[in-house]
Amino acid sequence: ADARAMPNRCSSDRRAGDPSAGASWNGWSPDSANARFQKAGGLAPDAVPRLKLKWAFGFPGATSMYGQPSIAGGRVFIGVDTGYVYSLDAATGCVHWSFQAETGVRNAISVGPVDAPGVREAAYFGDIRGNVYSLDAATGDLLWKVIADTHPLAAITGTPTLQAGRLYVPVSS
C-alpha cells in the first residue's frame with residue numbers, strides 16, 4: 001500500500017494549497033462549532049441526479065474505514081485500518097503520498113499550520129494504540145509522534161483538532 005509503488009502516482013509533487021482557502025472539510029467538521037454543514041458547497045439540488053463519478057481510489061489490504069475523508073488545500077486526506085494514511089489529489093484522485101502509522105487509523109485527519117522549518121501545514125491524526133502523529137501535509141514526512149496516554153488500551157478514535165496553535169487530542173480506553 002506504499003504510494004511510491006502505486007500506478008496512480010501524481011505526476012508532480014505540487015504543494016498542498018492553503019487548507020483554509022475555498023471549500024474544505026478539514027477534520028470531523030468544516031468549522032469549530034461541529035455544525036457538519038458545508039457553507040461553500042454550491043451544489044443545487046436539481047444537479048444531484050446528473051452527478052457522475054469522477055474518480056475512485058482503492059485502499060490496498062484495507063477491510064474497514066472508520067474516519068471520514070478530510071479535504072484541505074486541494075487534497076483528500078484519509079486513514080485506513082491497515083495504518084496507512086493517504087494524501088490524494090482532490091481533482092484527479094492521484095496519490096501524492098502515503099504514510100504507514102504503527103497501527104490502524106480510525107479518525108479523520110486534521111490539517112493546519114505548523115511551526116517547523118520549511119513546512120507550512122501539518123496533517124494530525126492518531127492510531128488505535130494511542131499514538132498521535134504530525135506529518136508534513138505536502139510530503140507525508142513525519143514531523144513528530146507521541147504517545148497520548150500510557151494506558152495499555154488507550155486509543156485515538158476521535159479526530160485531533162487544532163485550535164489557536166494547540167492540538168486537542170481525544171483519548172479513549
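For the pair R50 and S172, the difference between a 0.36 nm per residue extended length and the Cα-Cα distance amounts to 39.7 nm. With both labels modelled 7 Å from their Cα along Cα-to-Cβ, the Q100 to D149 distance reads 2.8 nm. A 1.4 Å probe run over the protein chains yields, for segment 82-173, 44 Å² of accessible area per residue, whole-number rounding.
Rounded to the nearest 20 debye, the dipole size of segment 43-173 about its Cα centre is 300 debye, using +1 on the Cβ of Lys and Arg and -1 on the Cβ of Asp and Glu. Of the accessible area of segment 75-138, with the probe set at 1.4 angstrom, what percent is carbon plus sulfur? After summing per-atom areas, the C and S share lands at 51 percent. In this entry, the chain is assigned a mean projected area of 10.8 nm², taken as a quarter of its C-alpha convex hull surface.
Protection proxy ranking of 50-58, 91-99, by the mean of other Cβ atoms within 10 Å over each peptide's residues and highest first, is 91-99, 50-58.
Ranking G74, V105, L162 by Cα position along the charge dipole of the chain, where only Lys, Arg, Asp and Glu carry charges on their C-beta atoms, puts G74 farthest toward the positive end. Among 105-112, 133-140, the peptide with the highest mean count of other Cβ atoms within 10 Å heads the list, and the full ranking is 105-112, 133-140.
The values are calculated or read from the model by the stated rules, or taken from the named source; none is laboratory data. Being a predicted model, the structure only gives us computed values, none of them experimental. Because the Cβ atoms are built from the backbone with ideal geometry, glycine has one as well, and the counts that use them run over all protein chains shown. The protein model used for the area step is the full one, side chains on, heavy atoms only, and it has no ligands, DNA or RNA in it. Shrake-Rupley method; radii C 1.70, N 1.55, O 1.52, S 1.80 Å.
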